[in-house]
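Quick notes on the structure that follows.
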Amino acid sequence: MAERKGLSPDEKAVYEWQLGVSGFGEAGQEKLKAATVLVTRIGGVGGAAAYALAAAGVGRLVIAHEGIVRPADLNRQLLMTADGVGKSRVASAARRLRELNPRLDIVAVAENVSESNAERLVRGADLVVDAAPLFKERFLLNREAVRHRKPMVDAAMYDFEVQLTTILPGTGPCLACIIAAEPPGWNRRFPVFGAVAASAGSLAAVEAIKVLSGVGEPLVGRLLVGDLRQMTFRTVRVAKNPQCAVCR
Ligand SMILES: [Zn+2]
C-alpha cells in the first residue's frame, strides 16, 4: 500500500457519512484510498462489490471480465446498462464506476482470470474479491492469493443461496481447504436474481473494507451461508486442512 497522504476537503465531504463509523475514521479512509483491490468478474456479484468499493473510496480498482454485455446480463449485472448491449462489459463497468467516483483509478482488464494472467493480477493487488462463477477461476485465484499472501474475499451464490468467506493466507484456511473440488455437474448457467447476487457482492465489499481498514472481525475460518428464500443466515466454522495441496 502507498504512503498515507491525508484526505482532501473534497474527500472528507464525500466520505463524511462513513468517517463516523465506529473504529473507521480518517485513518480507515486513508487505508482504503491507498489500497488496490482486484475484483474479478464484475457481473451480478462482482459488479455490486465493485460499486460498493468505489463508493467507499478504494483508491485503485482493477476489474477483470472478458466479453460483451448481453441482454441476459441485465437482470443482475448492475454495472451494465441497456445501451451497452453488444459492447465491452468491462468498459461499461469502468464508465459507471468513474461516474460514481471520479477520484479513483479504475483499471479495466478485458480478460477473465486464467493461468496466463492470475499471478500478475493478484500480485499487483492488496486484496482480491473473487466473484468468479467458475470453480477453475476461484481455485486459481486462491492459489495465487496464498502464494503471494494476499487477503481474498470469496463470494458465491446460487439460486437464493449466498456464500461468503475471507481467506487470510497464513492465518486461516484457504478456499481449497474449504472446497475440495468442483461440485459434479456445475453449470456456467445457473438460476439467479440480481438482488441475491448483489447481496453476495455487498457482503463481499463489507469484508474487503474491514480487512483493508482493520475494522471488525472478518470471516476468516468461517463460511457464511445465507438462504435468502427463508431469509436465514448461519456461520459455519471451517478449518485449515493439514493436507491441503495449496496452503500446507
Ligand atoms: Zn488450504
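The values are calculated or read from the model by the stated rules, or taken from the named source; none is laboratory data. Fair warning: this is a prediction, and the values are worked out from it, not measured in the lab. Counting neighbours? That spans all protein chains shown, and the Cβs are built from the backbone with ideal geometry, glycine included.
Considering only residues that are buried (at least 24 other Cβ atoms within 10 Å of the Cβ) and in a helix (DSSP H, G or I), which ones fall in segment 34-50?
Selection gives GLY44, VAL45, GLY46, GLY47, ALA48, ALA49, ALA50.
Mind telling me which of the residues SER88, SER116, SER92 ends up being more than 16 Å from the ligand (Cβ to nearest atom), surrounded by 18 or more Cβ atoms within 10 Å (Cβ to Cβ) and over 17 Å from the mean Cα position of the chain (by Cα)?
Working: SER88 fails: surrounded by 18 or more Cβ atoms within 10 Å (Cβ to Cβ); SER116 fails: surrounded by 18 or more Cβ atoms within 10 Å (Cβ to Cβ).
Going through SER88, SER116, SER92 in turn, the sole match is SER92.
Which condition number in (1) away from the ligand (no atom under 16 Å from the Cβ); (2) within 19 Å of VAL39 (Cα to Cα) is the one that PRO169 fails?
For PRO169, the exception is condition (1).
Kindly indicate which of LEU79, LEU97 is surrounded by 21 or more Cβ atoms within 10 Å (Cβ to Cβ) and closer than 26 Å to PHE139 by Cβ.
Of the residues listed, the single one that is surrounded by 21 or more Cβ atoms within 10 Å (Cβ to Cβ) and closer than 26 Å to PHE139 by Cβ is LEU79.
For SER114, are the conditions met, namely being part of a loop (DSSP other than H, G, I, E, B), modelled with pLDDT of 95 or more and out of contact with any Pro (no Cβ under 9 Å at 6 or more places or on another chain)?
yes
Only one residue in ALA176, ALA197 is surrounded by 12 or more Cβ atoms within 10 Å (Cβ to Cβ), within 28 Å of ALA35 (Cβ to Cβ) and away from the ligand (no atom under 13 Å from the Cβ), so which one is that?
ALA197
Between residues in segment 144-166 that are at positive phi and residues that are part of a strand (DSSP E or B) and surrounded by fewer than 24 Cβ atoms within 10 Å (Cβ to Cβ), which pairs lie under 9 Å by C-beta distance while being six or more apart or on different chains?
Partner pairs satisfying both residue conditions: ASP159/VAL192.
Please find, among VAL129, VAL122, VAL153, VAL109, the residue that is more than 21 Å from LYS210 (Cα to Cα) and among the β-branched types (Val, Ile, Thr).
On the way: VAL129 fails: more than 21 Å from LYS210 (Cα to Cα); VAL122 fails: more than 21 Å from LYS210 (Cα to Cα); VAL153 fails: more than 21 Å from LYS210 (Cα to Cα).
Step by step, each of VAL129, VAL122, VAL153, VAL109 is checked, and only VAL109 is more than 21 Å from LYS210 (Cα to Cα) and among the β-branched types (Val, Ile, Thr).
Which one of LEU127, LEU134 is within 24 Å of GLU11 (Cα to Cα) and aliphatic (A, V, I, L, M)?
LEU127
Pairs, please: C-beta under 7 Å, at least 6 apart or cross-chain, first residue over 17 Å from GLU99 (Cβ atoms) and in segment 48-70, second modelled with pLDDT under 95?
none
Of all residues in segment 202-248 being away from the ligand (no atom under 16 Å from the Cβ) and on the phi > 0 side of the Ramachandran plot, which is surrounded by the fewest Cβ atoms within 10 Å (Cβ to Cβ)?
For segment 202-248, the residue satisfying everything is MET231.
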